[in-house]
Amino acid sequence: MRRQGLGRAGALLALAGLVWMGARGMAPLPPLGPLLDPVRGVWALAASAEFPAEASSRIPGLAGTVRVVYDDRAVPHVFAATELDALRALGFVTARDRLFQLDLQARAGGGTLTELLGARALDQDRETRGLGMTRAAERLAAALPDTGEARASLEAYAAGVNAYLDAMPAGELPLEYRLLGRRPERWSPLRTIHVVLRMGYTLTQNVTELERLRAAAFVGSAAAGALFPWHSPLQQPIQPSHGAPGRVPLVLPPPGPPDSLALAAIAIAPAAPGFPPRIERDVRGSNNWAVAPARTRAGAALLAGDPHLDLTLPSIWYEAHLRVPGVLDVYGITVPGLPAILMGFNRDVAWSFTNVEADLMDWWAEQVDDVARPRRYRLDGGWMAVEERVERYRGPRGEIVGVDTLRFTHRGPMRRVGARWLSTRWTTLESAGETGAFHRAARARTAREWHEAMTPYRSPPQTMLVADRAGTIAIRSTGRFPIRPGDGRGDRIRDGTTRASDWTGDWSVAELPQSTAPPQGFLASANQEPQHPRDQPRYLGGNWIPPWRALRINALLRADSLTTPATMRRWQTDPGSARADFYAPYLLRAASVRPADTALAHAARLLAAWDRRYTRNTEGAVLFEAAMAAASSGVWDELPPGVRPGGGAFVALLDDPTSAWWDVRATPGAVEGRDDVLADALAQGYAAVLRAHGAPESGGWRWSAVHRIHIWHLLRVPSLSKLDVDVAGGPSTISPSSAGGGEGASWRMVVELGREVRGWGTYPGGQSGNPASRRYDDRIPMWQRGELAELRFPRDAESVPTSSVLMLSPAP
């Protein structure tokens with residue numbers, strides 16, 4: 001983004017031209033002339049790219065003066081007299097750095113992107129409102145008590161954001177608004193709820209029922225049910241279990257005749273509605289782990305966390321420190337738009353989250369009075385009125401760009417899927433995030449106090465890991481998990497004509513997956529199934545992510561009884577792969593049955609020579625990934641496009657070398673077995689890599705040459721993005737990523753809880769949302785190298801290595 005050899009203003013002028021051309025296809029743009037205005041155009045962005053040494057402003061409602069000191073990493077350290085003042089200041093400084101991101105995220109969660117971007121965003125807004133998110137946000141906002149911590153914190157944050165909007169000089173208007181010819185919208189508690197629901201959309205979407213339905217339409221219900229199992233065949237649970245984790249038996253029935261009912265149901269709408277295509281689950285995930293003092297070199301508890309989400313510029317996270325003497329002293333990261341530190345540490349406790357991956361969205365088949373325009377639905381022998389809601393989508397000039405009539409049952413939004421109407425109940429629509437829980441947890445002194453403070457938290461559910469200075473480590477999957485009637489499962493479409501199919505309650509706190517001070521001396525989570533089936537009879541979810549990352553993390557933890565912070569930091573980018581360790585021997589064994597195939601033998605030698613580590617210079621990883629892709633295509637050729645079971649089904653299939661699933665439909669004159677398919681996959685993968693990258697000795701097989709990720713600007717403007725970033729790690733490593741993808745470690749943190757709490761961290765981006773600022777993407781090189789910066793945690797403003805000071809005082 002920064003161009004050496006040009007002045008800051010000249011660089012912005014060049015950037016404006018690039019961005020204007022790069023964004024032309026995205027939305028209607030204003031004339032280029034205003035961008036060149038010397039006072040209000042991009043020239044002004046250069047002048048405001050770096051904060052002045054001293055600045056001041058006012059916020060209505062402040063109880064006293066707030067001092068904000070920016071350190072040498074551009075992190076604001078907020079020193080306030082009250083918690084609400086700290087939140088007002090947090091809203092102000094977040095808007096100062098990330099105004100466009102604030103607005104865009106709220107619009108994404110509220111279904112109003114068309115008002116900013118025009119009709120090109122209509123499909124996204126229709127999806128958001130069709131899922132009931134806009135309606136739910138309005139209901140949640142209306143339900144907030146007029147008095148109480150929740151509303152007070154939301155309004156304090158909004159006051160800070162709006163105070164910045166009122167004081168913002170014309171020259172500080174973000175570039176994106178200039179390109180779009182728009183202005184930011186004022187903030188409100190409702191907009192924070194929109195951001196919360198958007199987080200829920202990202203973290204809790206689940207359409208397993210519909211994937212099973214599509215699979216059943218091709219291979220029958222019995223086979224489809226086994227392809228999406230309740231429990232992971234490979235077990236490495238988060239909650240330590242008595243006995244070896246081992247394997248859970250899974251038998252895959254052969255593909256059967258199509259299920260006629262399923263086939264009829266998908267005849268009109270063959271794809272799952274309401275969600276984008278599912279990202280390959282092996283390349284996405286979050287990690288956290290903690291080590292008790294008895295297993296660390298310094299005798300202090302250690303905690304590491306690295307949530308993996310979409311990588312964007314600016315980053316999803318904003319780093320901050322809030323200090324209120326005698327009340328609050330917390331450091332960490334927040335999502336712009338939320339009035340709380342979500343992950344981080346205080347003077348006694350540190351914490352980090354991973355997503356639970358539970359099934360929190362269920363579907364009911366409804367009987368309606370009119371398939372074309374239903375006004376009633378059948379329930380318990382009578383008819384219930386369908387709630388109708390007309391949604392109007394407006395463009396940047398207020399014009400109507402679309403109108404929808406949405407329908408709701410008592411469960412939630414309705415969607416037509418094929419020949420049927422389905423209604424949905426989704427926990428995300430019934431909770432606003434409970435920011436008060438985060439505020440109380442930030443004041444905790446022990447791990448147990450911290451978990452107690454987070455008990456009211458409901459959505460999106462997170463596996464919350466915590467460690468304290470006394471040496472306690474603890475973990476709990478916290479959130480709302482519904483109880484279903486009958487067999488308790490949520491991975492099938494239920495009968496909507498009776499209330500007997502509705503949820504009957506929620507899990508109690510005692511039932512949640514959890515562990516405190518385990519004898520093994522460490523805890524870890526990586527989105528895997530939280531409890532072994534023998535420890536939990538209830539249904540939490542299905543089609544779990546294979547526990548490859550958890551297997552690797554636990555192996556590293558078991559092997560080191562003198563862990564240090566440096567070791568923890570190194571493990572966060574460890575290139576080893578439990579997945580490759582598991583699958584590669586099968587590929588090599590299959591290749592050995594064809595000694596006369598010289599090309600296959602050469603491929604096998606190359607694979608055998610690989611150390612199964614995804615380093616930048618490795619050459620075996622590209623061959624292994626090509627072979628695994630070919631194997632998946634060969635095995636699941638009976639399934640429709642876009643439907644692939646989780647890795648657990650493939651693991652189970654390896655135990656049955658003569659299963660009918662191994663037979664390839666494209667070769668009707670032969671019956672293949674496991675070794676045939678795997679040998680063919682290795683040969684096909686080898687040939688594909690040769691075609692794409694040349695001979696191994698050419699250097700084209702190096703992982704750094706073929707495996708690159710993209711960190712896109714929020715509007716996907718290339719000139720504002722960081723593209724083709726080479727990184728170590730690969731699918732299902734501790735730091736997973738996919739070639740050409742945009743997912744990865746969105747934040748890395750390590751904390752040592754000794755006499756003084758010390759933290760290290762970074763994220764791929766920068767604190768500023770201004771592309772002209774040196775703080776826009778300055779952290780990417782460190783993140784790319786797998787290094788972490790020391791996180792400064794001063795007790796007073798005078799101890800901060802200062803880059804800028806902002807004084808905030810009460811408005812008259």
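Structure notes:
- When you restrict to C-alpha pairs under 8 Å that are six or more residues apart and normalise by the size of the range 191-271, the relative contact order lands at 35 percent.
- Segments 472-482, 723-733, 652-662 sorted - mean Cβ within 10 Å per residue, highest first: 472-482, 723-733, 652-662
- Ordering of 122-132, 244-254 by burial proxy (mean other Cβ atoms within 10 Å per residue, highest first): 122-132, 244-254
- Cα centroid of the range 343-385 to Cα centroid of the range 181-237, whole Å: 10 Å
- Surface analysis of the range 578-701 yields an accessible area of 42 Å² per residue, using protein heavy atoms and a 1.4 Å probe.
- Relative frequency of Cα-Cα separations exceeding 21 Å in the range 680-790, percent: 50 percent
- Take every Cα pair under 8 Å whose residues are at least 6 apart in sequence, average their separation, divide by the length of the range 578-701, and the relative contact order is 33 percent.
- In this structure the range 148-249 gives 33 Å² per residue of accessible area when probed at 1.4 Å with all protein chains present.
- Part-to-part distance (alpha-carbon centres) for the range 723-748 and the range 539-586, which is given in Å: 15 Å
- Our analysis of the range 743-812 gives Rg over Rh at 1.05, with the two radii drawn from alpha carbon positions and Rh computed by the Kirkwood formula.
- Nearest-ten-degree value, helix 189-204 long axis tilted from longest Cα axis of the chain: 20 degrees
- Annotation note: GluC sites (Glu not before Pro) in the range 736-812 located in DSSP loop regions with a Cβ neighbour count of at most 16 within 10 Å are Glu756, Glu787.
- One entry in (i) 168; (ii) 236; (iii) 194 is volume of the Cα convex hull per residue in Å³ calculated from the shown coordinates; its label is (i).
- Length gained on full extension, Glu798 to Ser632: 53.9 nm, using 0.36 nm per residue less the C-alpha separation.
- Helix axis angle, 674-693 relative to the chain longest principal axis, alpha carbon, degrees: 50 degrees
- Apportionment of accessible area to carbon and sulfur, the chain, percent (1.4 Å): 53 percent
- Its Cα gyration tensor gives the range 578-701 an equivalent ellipsoid, and the semi-axes of that ellipsoid, as √(5λ) in whole Å with the largest first, are 24, 16, 14.
- Helix 548-559 axis versus longest C-alpha principal axis of the chain: approximately 80°, rounded to the nearest ten.
- Whole-angstrom gap from the range 410-460 to the range 665-688, using each part's C-alpha centre: 46 Å
- Here the gap between Val390 and Ala294, fully extended at 0.36 nm per residue and compared with their Cα-Cα distance, gives a gain of 28.5 nm.
- Relative contact order [Cα under 8 Å, 6+ residues apart], the chain, whole percent: 20 percent
- Protein-only accessible surface at a 1.4 angstrom probe places the residues Leu261, Leu714, Leu360 in the order Leu261, Leu714, Leu360, largest first.
- Rounded to the nearest 5, the antiparallel percentage of DSSP beta bridges internal to the chain is 85%.
The values are calculated or read from the model by the stated rules, or taken from the named source; none is laboratory data. The shown structure was predicted, so the numbers you read here are calculated from the model rather than taken from an experiment. Here Cβ is always computed from backbone atoms with ideal geometry, including for glycine, and neighbour counts include all displayed protein chains. Keep in mind that these areas ignore ligands, DNA and RNA; they rest on the heavy atoms of the full protein, side chains included. Shrake-Rupley method; radii C 1.70, N 1.55, O 1.52, S 1.80 Å.
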